[in-house]
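Reading through the structure tokens given below for one structure.
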Amino acid sequence: PATWQNEASTLVYDARAPREERWKLFWHQALWVSGVPRYASYSWIALKMADSAENLAHAKPIKLFTGYMARKAGESNAEPAFSPIPEPPAIQLDKKDPQLGACMFGQPAALSTQDGLYLALDCAWLGTRPQLHTVLLRCAAPNCVVTDAESWTVVGRVTEPPDGRKLAEHYEGFGGTALAEKNGQYFLIATPLAAGGRYDGCSVLRFEDLASGQLERGRRGELRVAATVRGIPDTHHGACAAHARLQGGILLSQLVRSASPRVMQIRRSGVELP
């Protein structure tokens, strides 16, 4: 038994895009078989575009980015994958830049700015043991064509596995990111991953320079945390989202195991962007 799951969506209004493409929805689409994800073989970053948020429901889905080890069978609606988007990817992102060469991508986070459309992605660098990175891409204005590989620039890796360990010894890196802006300052809201892949809240990291992907760091290269969001201790919580005009502060996802069935809630944290 298998099912295609759609998760980790990010919605952005891109005012500099053609009218019919101004609303963009990115998400991670992946095949699960017998309750186990086939992320490396059958998964990609998908995209819908429309002239209004409401019209995204009826927009044609696009298989935008695939990563390392993505199988060609995922381009067919026949066995074994029965792909929901039966066509080749617009961009094989792992082949674009050596920094992305062994990346399996997930958790997109989008932000539109004056100089273009930015997209942060989780990169699990596949090897003996997956290494967790956050990569930042930019589709530069005014000629951004999101389905064209030449339009995208790899800004770089903005977090590396050692960044997590410098924050706490039991952290393996960061994932589940979001991008946000407030008063002309830009932020990466990143989720520390504890052993076993458990989300452990969110760290708000300020960009020193968004265009070059430089986060604020201390004298020893450690990330400077501008704010921290916490949920119920020792539970799976994180993957935050924020907007400068959102009341109630940064949004936090919180897994509640005591519910039947267990449920992932969205909660107001009360923690504001700095």
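What number of residues within the stretch 103-147 satisfy the criterion of being under 17 Å from Leu210 (Cα atoms), touching a strand residue (DSSP E or B) at 6+ places or on another chain (Cβ under 9 Å), of a type outside the set (Gly, Ala, Ser) and in a loop (DSSP other than H, G, I, E, B)?
The number of residues fulfilling the criteria is 1.
In the stretch 229-247, which residues are within 12 Å of Leu273 (Cβ to Cβ) and either in a loop (DSSP other than H, G, I, E, B) or of a type in the set (Gly, Ala, Ser) (or both)?
Of the residues in the stretch 229-247, the ones within 12 Å of Leu273 (Cβ to Cβ) are 229, 240-246.
Passing the criteria: Ala241, Ala242, His243, Ala244, Arg245, Leu246.
Do any strands (runs of 3 or more DSSP E) lying entirely in the stretch 1-87 carry at least 1 residues that are at positive phi and surrounded by 14 or more Cβ atoms within 10 Å (Cβ to Cβ), and which ones are they? Break it down into steps so the answer makes sense when it comes.
Numbers: elements: 2-13, 23-33, 43-50, 62-66.
By residue number, 2-13.
Just one of (1) in contact (Cβ under 8 Å) with a residue 60 or more places away in the chain; (2) on the phi > 0 side of the Ramachandran plot; (3) open to solvent by less than 10 Å² (accessible area, probe 1.4 Å) trips up Ala180, so point out which.
(2)
Identify the residue in the stretch 224-270 that is touching a residue at least 60 places away in the same chain (Cβ under 8 Å) and of a type in the set (A, V, I, L, M) and, among all such residues, is least open to solvent (accessible area, probe 1.4 Å).
The extreme case among them is Ile250.
Please find, within the stretch 198-219, the residue that is farthest from the chain's Cα centre (by Cα) out of those that are outside any loop (DSSP other than H, G, I, E, B) and either of a type in the set (D, E, K, R) or surrounded by fewer than 16 Cβ atoms within 10 Å (Cβ to Cβ) (or both). First the steps, then the outcome.
Narrowing the stretch 198-219 to residues outside any loop (DSSP other than H, G, I, E, B): 199-200, 202-209, 214-215, 217.
Now drop any that are not either of a type in the set (D, E, K, R) or surrounded by fewer than 16 Cβ atoms within 10 Å (Cβ to Cβ) (or both), which leaves 200, 206, 208-209, 214, 217.
Values: Asp200: 17, Arg206: 17, Glu208: 20, Asp209: 19, Gln214: 18, Arg217: 22 Å.
Top of the filtered list is Arg217.
The values are calculated or read from the model by the stated rules, or taken from the named source; none is laboratory data. Bear in mind the structure is a predicted one, so any value in this text is a computation, not a measurement. FYI the Cβ positions are ideal-geometry reconstructions off the backbone, even for glycines, and counts take in every protein chain you see. Surface accessibility is based on the protein's heavy atoms, side chains included, excluding ligands, DNA and RNA. Shrake-Rupley method; radii C 1.70, N 1.55, O 1.52, S 1.80 Å.
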